[in-house]
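The values are calculated or read from the model by the stated rules, or taken from the named source; none is laboratory data. This one's a predicted model, so the numbers in the text were calculated from it and none came from an experiment. Here Cβ is always computed from backbone atoms with ideal geometry, including for glycine, and neighbour counts include all displayed protein chains. Side chains are part of the model used for accessible areas, which takes the heavy atoms of the whole protein and leaves out ligands, DNA and RNA. Shrake-Rupley method; radii C 1.70, N 1.55, O 1.52, S 1.80 Å.
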Amino acid sequence: MPRLPVVLATAFAAIALAVVAVNIEFGSDAPEVSPPRRTETGRTPAFHLRLDGPARRRAARKCLDRITSAQAKALGAVKDDLALLADDPQVIRLILEDWEQRARISKFEAAAFGDLFARIRHPDFVAPGVTLLEHQEFQVRHKAIEVAATQRDPRFVPGLDRLFAEITERSPGEGMRTLDRIVSAARSCGGDHLPVLLARALRNPLPHVRDVAAAIIREDRMEGMRDRIASLLDDEEPQARLQAAWGLATFGDDRAVSQIIDGLNPRNPTLSSFCMEAARDLGLRDAIPTLKHHIPAASAELKSGMWLTLGVMGDPEAQERLRDWANDPEARVPDRIVGLMALAAMGKAKDLPLLRKIIRDGTAIEVQNIAVGLTFKTGAPDLELARGILSCGHFAHPGPAQVAEWLPRLGDRLVPWLAQRLDDGGDPVFLIASLDLSGTALARDEILRRRESHPRLVEERIRLMDLALRQEGPQ
């Protein structure tokens, strides 16, 4: 998926937080120390951690034997259990043997193995996964989209292109979500056929599909398709036109930059937000006078986004005004909040003392919007600032966009500190979830160290982490 929808969603969440915030304390309801709950398969969530080689293969055999329509209730857990066992080459061999014997029995069997191939990235699953795109049943061909997204191999793309064409010809103007997923899966696969599929998507009657294809061409710097996206400059859909203008400007072709600047007009807030994101990405300083001109007529929500954009783009006058708002406790709440958010986004060393003080002593609404501001900053945030946000008590979980967007950028740098807070009696739900978001091998080890003290919590978290590792594939 292109990053743009995520960025816009974050922006709207940020502005909403400037109006209302909920102060949720963590740590008061620590989970009881209890054994892990068993899944539908009867196994504990992280059962794979304690099995030796022969036991793992016996468990895999039992899982494969349970992949039948009669076991529908437990099928999801059965396939997840197989994925957890699939770091064993012998388990991979068992799956492939069963695939050869069972794939042609019924569409149920073929689709079930498609689910497995979508859970486990492995080079030996590419060839069978590609054959799913030739299956006579549409339901099975459809399953191959998920397989391609996991396996990320160029051999999938010609088949995905045929599936895209089939859906478009059969139901013109329909199937937007499926077509979107096909294009995104093909993007993850890459290869010489990807431009063919993207060119097809650029001609699709659905504006969203054209928009997504143009965004991929821009974000992946596919300059060879510059002329293809130029054809969208006259598109009937405004956002498709603006996406093309953004892409061309990314490639150094400024012929349509004026469309981005004109789109900043607040009469269409959605397009204006889109153009602000483009202006920030391009460092389009020619947009600064236009933004300033439109601020008085903008809604409160859009006005906040405009000030944030001016600050991030480095306009000195806007930065000083934002800094004044952030430093003035008597400023209007929306002004002070956007000031704090902008200071976090700008990441200037001279603003860190104020931000750290507010994180330490400020209100939930102030701290949450500083956290949101960090999502607009390139690279990892200041370590002390991150520690303050994670220890302030204003977040029930680190998963929301305010934290989840930037915490992984810190890698292992936060892991020892998070582990120490666990040792000091901090809230295990919040801290283990934060370690999970760090996503490193060291973080996983620290979570595992708490298996005896918090068996249920650790097993459930490790299950999710290891399922993600299987889908990511060998490193």
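Asp80: open to solvent by 60 Å² or more (accessible area, probe 1.4 Å), under 16 Å from Asp466 (Cα atoms) and either in a helix (DSSP H, G or I) or among the charged types (D, E, K, R) (or both), yes or no?
Values: open to solvent by 60 Å² or more (accessible area, probe 1.4 Å): no; under 16 Å from Asp466 (Cα atoms): yes; either in a helix (DSSP H, G or I) or among the charged types (D, E, K, R) (or both): yes.
It is false that Asp80 is open to solvent by 60 Å² or more (accessible area, probe 1.4 Å), under 16 Å from Asp466 (Cα atoms) and either in a helix (DSSP H, G or I) or among the charged types (D, E, K, R) (or both).
Is it the case, given these coordinates, that Glu100 is of a type in the set (D, E, K, R), open to solvent by 60 Å² or more (accessible area, probe 1.4 Å) and modelled with pLDDT under 95? Talk me through it step by step, then tell me what you get.
Numbers: of a type in the set (D, E, K, R): yes; open to solvent by 60 Å² or more (accessible area, probe 1.4 Å): yes; modelled with pLDDT under 95: yes.
Yes, satisfied.
Would region 391-402 turn up any residue that is assigned to a helix (DSSP H, G or I) and under 24 Å from Leu469 (Cβ atoms)?
Keep residues of region 391-402 that are assigned to a helix (DSSP H, G or I), which gives 391, 401-402.
Within this subset, residues satisfying the condition of being under 24 Å from Leu469 (Cβ atoms) are 401.
There is at least one residue in region 391-402 that is assigned to a helix (DSSP H, G or I) and under 24 Å from Leu469 (Cβ atoms).
For region 272-285, state whether one or more residues are among the aromatic types (Phe, Trp, Tyr) and free of Cβ contacts under 8 Å to residues at least 40 places away in the same chain.
no
Pull up region 420-467, narrow it to residues that are among the small types (Gly, Ala, Ser) and under 23 Å from Ala380 (Cα atoms), then point me to the one that is most open to solvent (accessible area, probe 1.4 Å).
It comes out as Ala441.
Which one of the conditions (1) under 24 Å from Asn265 (Cα atoms); (2) outside any helix (DSSP H, G or I); (3) open to solvent by 70 Å² or more (accessible area, probe 1.4 Å) does Gly314 fail to meet, given that it meets all the rest?
With respect to (1) under 24 Å from Asn265 (Cα atoms); (2) outside any helix (DSSP H, G or I); (3) open to solvent by 70 Å² or more (accessible area, probe 1.4 Å), Gly314 is out only on (3).
Identify all residues within region 250-265 that are of a type outside the set (A, V, I, L, M, F, W, C) and surrounded by fewer than 19 Cβ atoms within 10 Å (Cβ to Cβ); write none if there are none.
Thr250, Gly252, Asp253, Asp254, Arg255, Ser258, Asp262, Asn265, listed by residue number.
Which one of Asp153, Asp192 is within 29 Å of Ile67 (Cα to Cα), open to solvent by 20 Å² or more (accessible area, probe 1.4 Å), of a type outside the set (Val, Ile, Thr) and at pLDDT 95 or above?
Asp153
If you check every pair at least six apart or on different chains, which have Cβ atoms under 8 Å apart with a residue in region 454-474 that is over 19 Å from Ala86 (Cβ atoms) first and a residue that is among the charged types (D, E, K, R) and in a helix (DSSP H, G or I) second?
Going by the 8 Å Cβ cut-off, the qualifying pairs are Arg461/Asp436.
Name the residues in region 173-198 that are over 20 Å from Ala118 (Cα atoms) and touching a Pro at 6+ places or on another chain (Cβ under 6 Å), would you?
Gly173, His193
Would you check which residues across region 197-211 are surrounded by fewer than 16 Cβ atoms within 10 Å (Cβ to Cβ) and either out of contact with any helix residue (DSSP H, G or I) (no Cβ under 6 Å at 6 or more places or on another chain) or polar (S, T, N, Q) (or both) and list them?
Hits for region 197-211 are Arg203, Pro205.
Looking at region 348-360, I want the residues that are over 11 Å from Asp382 (Cβ atoms) and have a partner that is open to solvent by 40 Å² or more (accessible area, probe 1.4 Å) with Cβ atoms under 9 Å, at least 6 apart or on another chain. Which pairs are those?
Between residues of region 348-360 that are over 11 Å from Asp382 (Cβ atoms) and residues that are open to solvent by 40 Å² or more (accessible area, probe 1.4 Å), the close pairs are Leu354/Asn327.
Got a number for residues in region 389-419 being open to solvent by less than 40 Å² (accessible area, probe 1.4 Å) and either within 24 Å of the chain's Cα centre (by Cα) or farther than 14 Å from Val367 by Cβ (or both)?
Narrowing region 389-419 to residues open to solvent by less than 40 Å² (accessible area, probe 1.4 Å): 389-390, 392-395, 398-399, 402-404, 406-407, 410-411, 414-415, 418-419.
So of that shortlist, the ones also either within 24 Å of the chain's Cα centre (by Cα) or farther than 14 Å from Val367 by Cβ (or both) come out as 389-390, 394-395, 398-399, 402-404, 406-407, 410-411, 414-415, 418-419.
Looking only at that region, the number is 17.
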